[in-house]
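> Here it is, the structure, as structure tokens.
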Amino acid sequence: MIDLKGMISINLLKKEAFTGSEGKLRFRLHKEKTEEKDVIRASYWMGPYCWEMTEEDEKTSRDFEFTTDGIWEAVNWLNNIVGQMD
């Protein structure tokens, strides 16, 4: 289970991407500018490679509100993916 309490914040995502892993699942959260607004883009892919070395078609992404609640919605989404892998 991915637990990022105390490790991530909106202020962090304003400056840089956050990456991590849970078993073979790799994930990345970052600020993305869309035409309408800023969002949190959560992405996951299967390891062993890092974000930069993984082909785009092997990554799955979803956007969430750029808020603290959006962070936790993204983490819940990723945890659902992890749960499906068991």
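> Considering each residue of segment 36-69, count those that are closer than 15 Å to Ala17 by Cα, assigned to a helix (DSSP H, G or I) and in contact with a strand residue (DSSP E or B) (Cβ under 9 Å, 6 or more places away or on another chain), and give that number.
1
> Among the residues of segment 1-33 satisfying the criterion of being of a type in the set (Lys, Arg) and either touching a residue at least 24 places away in the same chain (Cβ under 8 Å) or more than 16 Å from Val75 (Cα to Cα) (or both), which is surrounded by the fewest Cβ atoms within 10 Å (Cβ to Cβ)?
The extreme case among them is Lys15.
> So Glu36 clears everything in (1) closer than 24 Å to Glu55 by Cα; (2) surrounded by fewer than 16 Cβ atoms within 10 Å (Cβ to Cβ); (3) not aromatic (Phe, Trp, Tyr) except one condition, right? Which one?
(1)
Taken together, the values in this text are just the output of simple stated rules run on the coordinates, not laboratory data. Values in this document were obtained by computation on a predicted structure and should not be read as measured data. When we count neighbours, we look across all protein chains shown, and the Cβ atoms used for this are built from the backbone with ideal geometry, even at glycine.
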